[in-house]
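Accompanying notes for the structure given below.
The values are calculated or read from the model by the stated rules, or taken from the named source; none is laboratory data. Bear in mind the structure is a predicted one, so any value in this text is a computation, not a measurement. Please note: Cβ atoms are built from the backbone with ideal geometry, for glycine as well, and neighbour counts cover all protein chains shown.
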Amino acid sequence: MANAISVIICCYNSSHRLPKTLQYLASQRTENIKWEVIVVDNNSTDDTSEVAVTEWQQAGAPVPLIVIQESNSGLSHARAAGIKQANYDLLLFCDDDNWLETDYIASACQLMQRDAGIGILGGLNTPISTVALPEWFGRFESAYACGPQAPTDGEVLPDRLYITGAGMVIRRAVFEALDRVGFRSKLTDRKGEELSSGGDTELCFAAAIMGFKLVYSSALRLFHFMEPKRLTWEYAVKLNNGHAKSFYKLLFYKKLYRGEVLRRSWFKELVSKRKEIVSSEGVLMLYHAYLKGNKAVGDVFNIEMRGKLEMLKAHLAMRAEYQEFMDDLLRFHTSAKGTAATFLNSAE
């Protein structure tokens, strides 16, 4: 059903964030659109489930809302549970701190209806907080899933090749196609308060390899609420380090998309990084990570050097599983190319 959408909110101890998010959702203008809200409680220790039901009723309960429990910790597990519960083929991942503009759902359905080739759609996320945003925030807003996702509306640039998970709209067909080719995620996504990440980006890279379009539209607008604790420099450093650890694996997906040859030898891949290790850049990585540390508030170069060191450490930690990782990626690439067109044609 093209003019219908399931909104999935994955929660971990979200009782204090959910009310505002649900109030914005309840204000959606969705004439002639069927939709529902699925709240996935992922091992919360507070009253997230009760708050979701109560707040939705107080907001007028414009559409059905169901709360389900997912005992396996992690965003990927929570989303999988939500997708299984969903009744519709369009899925909207609304984080518990995403405040959707009133026309978000209607605009998303319209855009996805207009072009069946769009697999994943994202919009313009504007940061908002109860405190002033730090001066350095604008230089790192993409790490916080904020800001424009392309220079203009349309397909995202190959250099980026992903849509942020906050407010992401995705066809169920993407997941069905991934399942058909035997895709299994190679990343550990967010769990509880951890800052590990990358599942959204991995999903986008895999979808792009299969041939689905990744599209940005500034017509989709939401406010991304930033709790004050997330606006410290220490948090920003941890967040970027978490992204860097994940990006080590993600880079191989991007190389596959570009048609580059992957090194199947862990040692040869390590040798290719020798300049980063033995040159002045290696010294800078160590200096910024262990000596300059968190004193470099707002320093983009500091973040870059820390990120490179985290990626190098990720490669060193991958020694035992590197060959299997490469083999799995290459098998996926062989079976995935052109899958989107074949799948969409067979679904018509």
From the residues in the stretch 211-237 that are of a type in the set (D, E, K, R) and surrounded by 14 or more Cβ atoms within 10 Å (Cβ to Cβ), which one is farthest from Thr130 (Cα to Cα)? Lys213
If we take the stretch 235-295, then helices (runs of 4 or more DSSP H) inside it with 2 or more residues that are within 30 Å of Asp327 (Cα to Cα) and in the same structural domain as Gly338 (by TED's automatic domain parsing) are 266-272, 274-278
In contact with a helix residue (DSSP H, G or I) (Cβ under 7 Å, 6 or more places away or on another chain) and either at positive phi or of a type outside the set (Lys, Arg) (or both): which single residue out of Ala52, Ala4 fits that description? Ala52
Taking the stated definitions as given, is Lys337 in contact (Cβ under 8 Å) with a residue 24 or more places away in the chain, closer than 30 Å to Gln113 by Cβ and not hydroxyl-bearing (Ser, Thr, Tyr)? yes
Being without any contact (Cβ under 8 Å) to a residue 40 or more places away in the chain, in contact with a strand residue (DSSP E or B) (Cβ under 6 Å, 6 or more places away or on another chain) and under 28 Å from Gln110 (Cβ atoms) is the filter here; which residues of the stretch 1-50 pass it? Val37, Val39
Selection from the stretch 208-234 of residues that are outside any strand (DSSP E or B), under 30 Å from Met305 (Cα atoms) and hydrophobic (A, V, I, L, M, F, W, C): Ala208, Ile209, Leu231, Trp233
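Let's see how each residue does on (1) closer than 21 Å to Leu239 by Cα; (2) among the basic types (Lys, Arg); (3) touching a helix residue (DSSP H, G or I) at 6+ places or on another chain (Cβ under 8 Å):
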{"residue": "Val297", "(1), (2), (3)": "yes, no, yes"}
{"residue": "Glu304", "(1), (2), (3)": "yes, no, no"}
{"residue": "Gly307", "(1), (2), (3)": "yes, no, yes"}
{"residue": "Ala314", "(1), (2), (3)": "yes, no, yes"}
{"residue": "Ala320", "(1), (2), (3)": "no, no, no"}
{"residue": "Glu324", "(1), (2), (3)": "no, no, no"}
{"residue": "Phe332", "(1), (2), (3)": "no, no, yes"}
{"residue": "Thr339", "(1), (2), (3)": "no, no, yes"}
From the list Gly60, Gly82, which residue is out of contact with any Lys or Arg (no Cβ under 8 Å at 6 or more places or on another chain), assigned to a loop (DSSP other than H, G, I, E, B), modelled with pLDDT of 95 or more and not hydrophobic (A, V, I, L, M, F, W, C)? Gly60
Residue list for the stretch 293-312, restricted to those being surrounded by 16 or more Cβ atoms within 10 Å (Cβ to Cβ) and not hydrophobic (A, V, I, L, M, F, W, C): Asp299, Asn302, Arg306, Gly307, Lys308, Glu310
